1. So how many residues does region 79-114 have that are touching a helix residue (DSSP H, G or I) at 6+ places or on another chain (Cβ under 7 Å), touching a residue at least 12 places away in the same chain (Cβ under 8 Å) and outside any strand (DSSP E or B)?
2. For region 22-32, does any single residue satisfy the condition of being at pLDDT below 90 and either crowded, with 17+ Cβ neighbours inside 10 Å or in a helix (DSSP H, G or I) (or both)?
């Protein structure tokens with residue numbers, strides 16, 4: 001493993017240890033709702049990026065973001081291009097959506113996976 005990949009893996013480990021509550025709740029609910037049908041992983045290094053939540057079987061990345069336009073603009077444009085090159089789909093979810101309607105959000109994500 002080269003130094004850059006090792007650094008990204010170390011960062012991902014640290015992020016897994018201190019995940020924000022809305023992101024953790026979404027991940028936990030997705031795992032419970034999908035059961036053994038789908039695997040959802042947290043803070044996964046993919047290329048030079050770290051995916052908040054990743055479903056490898058469906059090639060889906062879920063990015064949990066802050067509720068600000070600045071976050072969305074900076075993170076969405078750069079990440080979108082790289083992920084498309086890797087053949088991955090991306091869903092951006094804001095933490096307020098998780099806090100306000102977690103059950104509906106999880107239902108929609110699981111339904112769209114099929």
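The values are calculated or read from the model by the stated rules, or taken from the named source; none is laboratory data. These numbers were taken from a predicted model, which means no experiment stands behind them. Neighbour counts run over all protein chains shown; Cβ positions are idealised from the backbone, glycine included.
1. Total meeting the criteria: 9.
2. The answer is no; no qualifying residue exists.
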